[in-house]
1. Give segment 501-533 a look and list any residue that's among the hydrophobic types (A, V, I, L, M, F, W, C) and surrounded by fewer than 21 Cβ atoms within 10 Å (Cβ to Cβ), or say none.
2. Would you point out which residue out of Ala444, Ala416 is among the hydrophobic types (A, V, I, L, M, F, W, C), modelled with pLDDT of 95 or more and either assigned by TED's automatic domain parsing to the domain that holds Ala540 or within 26 Å of Arg548 (Cβ to Cβ) (or both)?
3. Looking only at residues that are of a type in the set (Ser, Thr, Tyr) and at pLDDT below 90 in segment 366-399, which one is farthest from the chain's Cα centre (by Cα)?
4. Restricting segment 150-189 to residues that are acidic (Asp, Glu) and within 27 Å of Ser271 (Cα to Cα), which is nearest to the chain's Cα centre (by Cα)?
5. Please go through segment 132-179 and give me each residue that is surrounded by fewer than 24 Cβ atoms within 10 Å (Cβ to Cβ), aromatic (Phe, Trp, Tyr) and closer than 17 Å to Val538 by Cβ, ordered by number.
6. Filter segment 131-164 down to the residues that are among the small types (Gly, Ala, Ser) and modelled with pLDDT under 95 and list them by number.
7. Could you list, in sequence order, all residues of segment 309-347 that are farther than 25 Å from Leu236 by Cα, over 31 Å from the mean Cα position of the chain (by Cα) and buried (at least 21 other Cβ atoms within 10 Å of the Cβ)?
8. Any idea which residue in segment 87-124 is surrounded by the most Cβ atoms within 10 Å (Cβ to Cβ), counting only those that are in contact with a helix residue (DSSP H, G or I) (Cβ under 9 Å, 6 or more places away or on another chain) and in a strand (DSSP E or B)?
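The values are calculated or read from the model by the stated rules, or taken from the named source; none is laboratory data. Note that the structure is predicted; figures quoted are calculated from it, not measured. Using ideal geometry, Cβ is built from the backbone for each residue, glycine included, and neighbour counts are taken over all protein chains shown.
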Amino acid sequence: MSLQTEIKHLVAQAVEELYDRTIGEEDVTVNQTKPEFRGDYTVVVFQLTRYSKLSPEATARQIGEYLLENDEDTFERFEVIKGFLNLFIRESYWLEFLQEYYDDSTFGRHMTSREKVMVEYSSPNTNKPLHLGHLRNNFLGWSVAEILKASGYRVVKTCVVNDRGIHICKSMLAWMKYAQGATPETEGMKGDHFVGKWYVKFNEVYAQQVKELMAAGKTQEEAEEQAPILQEARELLKRWEARDPEVWEVWEMMNNWVYAGFEETYRRIGSDFDKIYYESETYLLGKKLVEKGLRKKIFFKKPDGSIWVNLTAEGLDEKLLLRSDGTSVYITQDLGLAQLKYDDFGAERSIYVIGDEQNYHMQVLKLVCKKLGIPQADGIYHLSYGMVDLPSGKMKSREGTVVDADDLLDEMKATAEKYTRELGKIEGFQEQELDALFEMIGQAALKYYLLRVSPQKRIVFHPGESIDFQGHTGPFIQYTYARIRSVFRKARIRTAADLPFLNKCKEALLDEEKSLIRLLEQYPDQIQQAADELDPSVLAHYLFEVARMYNSFYAELPVAKADSEEKKILRLMISWLTAHVIQSGMHLLGMQVPEKM
């Protein structure tokens, strides 16, 4: 339990004993004391006056006295400033904390086993390669899963591949009509890029046909509906659902090209899954669930044979579940997937990392799952995130204007190389080491830029801003870690066991020392907050603050040339714990830290 959490617990206990009212720790607000005031932590007592029936000042004094009486080893004294209770922590507390945790490799992690949680992320379509939007999805989903693990949850990472449907048939049809037998091998292209090329080709032909039909007197709506190539794609979908051998052969071949491409990108960015589901394997179960709901009169059939659910009582509208020709829609397979996920893993919560354009769809899915009685329906949670735009505007897959994930990763690596070489920080590296370093820096720049923003916010991505060794960036945090490791190399310290143990510190802690220890002590709380809010940006901002404060500490207080051996050991211990927090926290964000830069 961190000190901040302990203070909340003690204040709640004080309210119960002093005022005979039971409150939860979540009802107590404790903040780090603002720099303009004295103290370490501040308890906001205004909301507690409803229980004390006293003024804020009187309430603060009573609670402050209670804390001193019940934990004199932690609290040295307190001050009441305008109704705020400012607590002063004994120096011995910070030293004991440092001695206990500086070499603890598990510091920050919740070691108790909690409920099982499923995190679904990535969800690519097999008609195009991964793009910048997919990268935000993968980075967010992977990081949330790892943060939940660090908080003690049993986590299952899943991915659903949208490998069937009209959009897949569009790329298939374009290949069948125009590719003349070309393959990724004959074209020298990565498989997912190759298939994406034919999806763009389909839409080029479709747009031309719509234009021609409109010139012949059709309305835009009629032209878009009657375009011959769209009719062919719809017929191809029917043939696929009828398991036409010729169509399935093309479908399996093209999907395998895409899977090989996806795997290469996933391996590069570090995305991994415990289970991959395929829409082609879930939509039939979804159809059965829809038919079951129809038999139970949960759903209804329209005159054209299509099946719908009426959600007007829930404030929504009617939602299509199965087309009149019997083919499924997105929600059909999502229903089957929800049932399968529960059958396979029995997770209490199922978190879907999906863009905010699907907010309505996810509302509908949860409501329909509840109506069908799918056990984990109440545990469905949509982690909605904003889209990633470019300075030039919104990306569009069908027009081929997306930022390809592989191209972007290459660009970030090249940018990292350019900046690093310009700064002259490549002495002593072998070429293979440099290549790994540039990849590490480039990915950290990209991941941190996308994760430092709260998921719900839309992002405009500026590559040049993401790589700055002195800014609010991943590379700045990496550089700080490398600086700490340099301190230990110079001191000939390779492991924590090489550090002399500091039994007692006779010299008083300086402000820079205490402030950094206090910040490091908050690491477990930061992980827990990020887990509670399903928001890696909480951890990203904290790590930046750790790096920023360490650099100030390093500049103000020499480590190797400290005034005394006692101070040198103290600062080495602080540095060791700082390095652990940075390395551990960056891992939870999906980033590596280099030993040297």
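1. Step one: list which residues in segment 501-533 are among the hydrophobic types (A, V, I, L, M, F, W, C), which gives 501-502, 505, 508-510, 516-517, 519-520, 527, 530-531.
Scanning segment 501-533 gives Phe501, Leu502, Cys505, Ala508, Leu509, Leu510, Leu519.
2. Values: Ala416 fails: modelled with pLDDT of 95 or more.
Step by step, each of Ala444, Ala416 is checked, and only Ala444 is among the hydrophobic types (A, V, I, L, M, F, W, C), modelled with pLDDT of 95 or more and either assigned by TED's automatic domain parsing to the domain that holds Ala540 or within 26 Å of Arg548 (Cβ to Cβ) (or both).
3. The initial filter retains those residues of segment 366-399 that are of a type in the set (Ser, Thr, Tyr), namely 381, 384-385, 392, 397.
Right, trim to at pLDDT below 90 and you get 392, 397.
Details: Ser392: 25, Ser397: 23 Å.
Among those residues, the one meeting the criterion is Ser392.
4. Going residue by residue through segment 150-189, those that are acidic (Asp, Glu) are 163, 185, 187.
Still in the list and also within 27 Å of Ser271 (Cα to Cα): 163, 185.
Numbers: Asp163: 24, Glu185: 35 Å.
Per the criteria, the residue is Asp163.
5. Result: Tyr153, single match.
6. Initially, segment 131-164 is screened for residues among the small types (Gly, Ala, Ser), giving 133, 141, 143, 145, 150-152.
If the condition is that a residue be among the small types (Gly, Ala, Ser) and modelled with pLDDT under 95, then Gly133 is the only one that fits.
7. Scanning segment 309-347 gives a single hit, Val309.
8. It comes out as Val119.
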